[in-house]
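Report on the structure given below.
The values are calculated or read from the model by the stated rules, or taken from the named source; none is laboratory data. Predicted, not measured: the structure shown is a model, and the values here were computed from it. We place every Cβ from the backbone using ideal geometry, glycine too, and count neighbours over all the protein chains shown.
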Amino acid sequence: MVRKEKELLLKAIEKNEIIKYLQGRDGYRVEMEPWTPAHLLTDWTKIIPWGIY
């Protein structure tokens with residue numbers, strides 16, 4: 001995890017804004033690694049309901 005992303009995550013945790021962080025709303029943006037293998041799930045709408053987070 002990049003330092004900037006870690007700081008954003010910690011800020012979201014402190015402000016109780018994890019949902020906004022994961023959705024990329026209100027100044028939060030989750031950057032995906034460009035080299036993520038295609039077989040890994042990257043769709044948050046499917047990952048969160050399954051409890052894989």
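Is it the case that some residue within the stretch 11-21 is modelled with pLDDT under 90 and assigned to a loop (DSSP other than H, G, I, E, B)?
Scanning the stretch 11-21, I find no residue that is modelled with pLDDT under 90 and assigned to a loop (DSSP other than H, G, I, E, B), so the answer is no.
Is it the case that some residue within the stretch 23-33 is modelled with pLDDT of 85 or more, surrounded by 11 or more Cβ atoms within 10 Å (Cβ to Cβ), at negative phi and assigned to a helix (DSSP H, G or I)?
Yes, the stretch 23-33 contains a residue that is modelled with pLDDT of 85 or more, surrounded by 11 or more Cβ atoms within 10 Å (Cβ to Cβ), at negative phi and assigned to a helix (DSSP H, G or I).
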